[in-house]
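Trainee: There's a structure below that I have some questions on.
The values are calculated or read from the model by the stated rules, or taken from the named source; none is laboratory data. Keep in mind the model is a prediction, meaning the values are calculated, not measured. Don't worry about glycine lacking a Cβ; one is built from the backbone with ideal geometry, like all the others, and counts go over all protein chains shown. Note: accessible area is taken over every heavy atom of the protein model, side chains too, but ligands, DNA and RNA are not part of it. Shrake-Rupley method; radii C 1.70, N 1.55, O 1.52, S 1.80 Å.
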Amino acid sequence: MEQLQLPLLWLMLAAYVGALAVYGLGIWSRNEKMQHLATKVVYVGLAFTTAVLLLRSVLIGGLPLNNGFEFGLSFVFVAALAYVIIEKRFSIGAIGLFVMPILVVLCCWLVSVDLTIEPVMPALRSYWLAVHVSSAVISYGAFAVSFAVSVAYLLKDKSGDNAQSRLAQSLPSLKVLDEIAYKLIFIGLPFLTIMLVTGAVWAEYAWGAFWSWDPKETWALITWLVYAIYLHTRFLKGFKGRRAAWLSVLGFVAVIFTFFGVSYLLPGMHSYLV
Amino acid sequence: MLKFLSSLKLAVILIAAIAVMSVLATIFPDADAFSSWSFRLVVIAFFINLGLCTVQLLPKFWKQLHRTAADVTENGACKVYDADEAAITAWLKENHYSISREAQNGNVKILAQKGKMGLAAPHLLHISLLIILIGALFSTFNTEGFAMGQVGQTRPFPEELRSVYGETSAVEILDFQTVYDEQQAVDNWVTRFNLYIHGELVAQNVETKVNEPYRYGNLMIYQNSYDYRYLLEVQGLEDEADNTTYGLPDNQAATIGGQTVVAAMVNGKPYVQISDHVNASRGQFVEPGDVLTLTDTGATITYLGTAAYSILELKIRRGTYIVFAGFLLASIASLMFLSGRYRELRILTGGGKKESRIWCYSKSSMVVEEIEEELAEQWPKRQEEQ
Ligand code: HEM
């Protein structure tokens, strides 16, 4: 059964690459039907993602949230799910053009990492950790999609709201893009808060300190602060729209750095996650 | 001045400052930026800013929460729908709004609110952050240290804790075990011990393990780590004081009787190596009871076996419960955010007319648009009024 993981991962990657291509074609040819077709392909990708997740759960006999691979897989799942929900709710298929690359990059990483199942170290055997990691995955998924929406915003903004470009035409108005990103961040931040809190409680029980400024912790806090800035600047004049979109991009850069950068570039307690 | 200190602008500046300093601190970890005065100063300023802001916001929040139909005024642009009071009220009830109504010369004012949890959430979150910061301040006075001992040994409390617990507090290590799960992977490390405070036995045969520390009042005892030591009994050395049992850490050289002795696991079996400057090094796999020659003068080493050393971390914690209370509030606040946005409808209707004028408020313009769309679906909108 372990051998089944990799083929499923490749199928999942193929589906997201396919969806990306069809979105691209649909937007380029101004063909709405094609965009709908692309969304169907995302559903296929989501089905494969679900299948690998279930398989992995069966293999390890628990929630697949124990190491970097499982976290990344869950991240892809939530991001794809968040996208599908947003797409259905606001019928904005063209956003897929910006969400799919994130999924594709993550999937490329997933097919490249070691899939063998290692026993979980004692400190990680905690219910706090399960809540900690699941809320992290949910917030990261929401932030990934908000990032894509903000990138779409910035591109459309650059070509002017009413521009004749194929991309600008297939995207909703700047105002709607801005509001969707806001909504996603508004959902993501509470989960990030829960992630920080449960992580701190777990650290108190496992390591004897709820906060030790280890780089991963610190970067999670930085991410949280960036999104807090995002929400508060919305109450200030002149921060909606372009500046907000840049903050949302910055927030996701912090997310990615917390996830990859810290593990690969900085040393710390959390580095065993990858 | 007070206005600036409590302002949102300052809040954004301070949060950004904390974020930037944190980024720099992870890039230059040696600078120990988090204990620098500049960092502390910014956090203190943040605390004051948030505190003042909260004090100012709470009365406004309270008023908004208890707003009634009497507060409905014709303020700003509204939308007009061809619905009478009964129809609007039915719609509000169907959508779970809480309603306040006031009738005046045939005209009816209605205030409809929904999502009060969402309205309270930011305030509760802000308060929880203040509480966490207060707790964190206390917890900077935590003291911790380590006690390490072999099964059977009684170890005094570490230096750091003696100012509180004196010289006669100790842990007596009764047992140390590595616990395995069904797949034979390490599940946990468990130490059983007796706890003596000021010489008095206060806890007997209690255990501490990873993720489940032992707690005695403010004193926490964590299973921090463990170590296996190779027990080597030395006999026949000239200096009687050297003839004792040594506990050698894995793969670390020790000098005994002028010789360098190393014990380590080689292919999963204990191996002892002895070397000096004159003779070539000699080594062999050992089993408990094996005797090795240590020196030319007839001193010997007897391998007695390995002994587990448990390493416990002892910590006097302060402020942790305050921080945890803050954490709990922050979690509750987060769930309250997810329960949905606050929205408020101010409605003027009545007089038997099939007309309702509605002002719709929410922090999110998307929510406003959704509500107005829904209303327009029910009652084709007649006009917009300025
Ligand atoms: C990093 C710390 C902070 C976090 C995580 C935080 C979180 C939040 C969140 C999630 C909201 C709701 C935003 C929305 O409705 O879109 C909010 C609102 C607000 N925050 Fe903060 N906040 C923080 C610090 C501060 C500080 C220092 C101030 C001081 C000026 C402040 C002032 C406000 C105000 C005035 C609101 C609007 C409240 C309302 O709905 O009337 N916040 N905060």
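Trainee: Give the distance, in whole Å, between the Cα centre of segment B:102-126 and the Cα centre of segment B:138-187.
Mentor: 55
Trainee: Continuing with this model, one more query. Using Cα atoms only, what is the angle between the long axis of helix A:242-256 and the major principal axis of chain A, expressed in degrees (0 to 90) to the nearest 10?
Mentor: 30
Trainee: Which one of B:Gln177, B:Gly145, B:Ala45 is farthest out on the positive end of the charge dipole of chain B, using unit charges on Cβ (Lys, Arg +1; Asp, Glu -1) and the Cα centre as origin?
Mentor: Comparing the listed Cα positions along the dipole, B:Ala45 ranks first.
Trainee: Can you list the residues of segment A:168-183 whose accessible area drops by at least 20 Å² going from the chain on its own to the full set of protein chains, with a 1.4 Å probe?
Mentor: A:Lys175, A:Glu179, A:Tyr182, A:Lys183
Trainee: How big is the charge dipole of the protein assembly as shown about its Cα centre, in debye rounded to the nearest 20, if each Lys and Arg gets +1 on its Cβ and each Asp and Glu gets -1 on its Cβ?
Mentor: Dipole magnitude for the protein assembly as shown comes out near 4140 debye.
Trainee: On to the next question. Counting only heavy atoms of protein chains, what accessible area per residue, in Å², does segment B:229-304 have with a probe of 1.4 Å?
Mentor: 57
Trainee: Dipole of the protein assembly as shown (Lys/Arg Cβ +1, Asp/Glu Cβ -1, origin at the Cα centre): which of B:Ala241, A:Trp207, A:Gly62 lies farthest to the positive side?
Mentor: Final value for the positive-end residue is A:Gly62.
Trainee: Here is a further query. For A:Met1, what accessible area in Å² do you get when you roll a 1.4 Å probe over the heavy atoms of the protein chains, rounding to the nearest 10?
Mentor: For A:Met1, the solvent-accessible surface is approximately 130 Å².
Trainee: Pairs of alpha-carbon atoms within less than 8 angstrom and 6+ residues apart define the contacts here; what relative contact order does segment A:1-128 have, in percent?
Mentor: Here the relative contact order equals 33 percent.
Trainee: Rounded to the nearest 500, what is the 222 nm mean residue ellipticity of chain B from helices alone, with -39500 (n - 2.57) per DSSP H run of 4+ residues and division by all residues?
Mentor: Result for chain B: -10500 deg cm²/dmol, rounded to the nearest 500.
Trainee: With a 10 Å cut-off between alpha carbons and a GNM built on chain A, which of A:Ile222, A:Ile95, A:Ile185 moves the most?
Mentor: Fluctuation is largest for A:Ile222.
Trainee: Please report the relative contact order for segment B:229-304, taking Cα pairs under 8 Å with a sequence separation of at least 6, and give it as a percent rounded to a whole number.
Mentor: About 28 percent, as a whole number.
Trainee: Could you pull out every one of the lysines with an alpha carbon less than 16 Å from that of B:Lys3, ignoring same-chain neighbours closer than 8 positions?
Mentor: B:Lys60
Trainee: With a 1.4 Å probe and every protein chain left in place, tell me how much accessible area A:Cys107 has, in Å² to the nearest 10.
Mentor: Probe radius 1.4 Å; accessible area of A:Cys107 about 0 Å².
Trainee: Same structure, new question: Using the crude model of +1 on Lys and Arg Cβ and -1 on Asp and Glu Cβ, and no other charge, please compute the dipole size for segment B:229-304 relative to its Cα centre, in debye to 20.
Mentor: 360
Trainee: Right, next: Tell me the total accessible area that A and B bury against each other, 1.4 angstrom probe, in square angstrom rounded to 100.
Mentor: The contact between B and A buries close to 4000 Å².
Trainee: I would also like to ask the following. Considering only A:Val255, B:Leu57, A:Ser146, whose Cα is most displaced toward the positive end of the charge dipole of the protein assembly as shown, charges sitting on Cβ of Lys, Arg (+1) and Asp, Glu (-1)?
Mentor: B:Leu57
Trainee: As a quick test, which of the pairs A:Lys33/A:Lys156; A:Lys40/B:Lys114; A:Lys158/A:Lys216 have an alpha carbon distance above 25 angstrom in this structure?
Mentor: The pairs that break the limit, which is 25 Å between Cα atoms, are A:Lys40/B:Lys114; A:Lys158/A:Lys216.
Trainee: Ignoring any ligand, DNA or RNA, what whole percent of the accessible area of segment B:229-304 comes from carbon and sulfur when the probe is 1.4 angstrom?
Mentor: The nonpolar share, carbon plus sulfur, comes to 45 percent.
Trainee: Please report the spacing between the Cα centers of segment B:194-247 and segment A:17-73 in Å, no decimals.
Mentor: If we compute the Cα centre of each part, the gap is 53 Å.
Trainee: Using the Karplus curve 6.51 cos²θ - 1.76 cosθ + 1.60 with θ = phi - 60°, work out ³J(HN,Hα) for each residue of segment A:115-130 in order, rounded to whole Hz, and write x for Gly and Pro.
Mentor: 9, 5, 9, 9, x, 7, 5, x, 4, 8, 8, 8, 5, 4, 5, 4
Trainee: Counting only protein heavy atoms and using a 1.4 Å probe, what share of the accessible area of segment B:1-50 belongs to carbon plus sulfur, as a whole percent?
Mentor: Carbon plus sulfur share of accessible area: 78 percent.
Trainee: Quantify how strongly other chains surround peptide B:16-23 by giving the mean number of their Cβ atoms within 10 Å of each of its Cβ atoms.
Mentor: For this peptide, the per-residue mean of nearby foreign Cβ atoms is 5.
Trainee: Treating only the Cβ atoms of Lys and Arg (+1) and Asp and Glu (-1) as charged, compute the dipole magnitude of chain B about its Cα centre; round to the nearest 20 debye.
Mentor: With Lys and Arg at +1 and Asp and Glu at -1, about 2800 debye.
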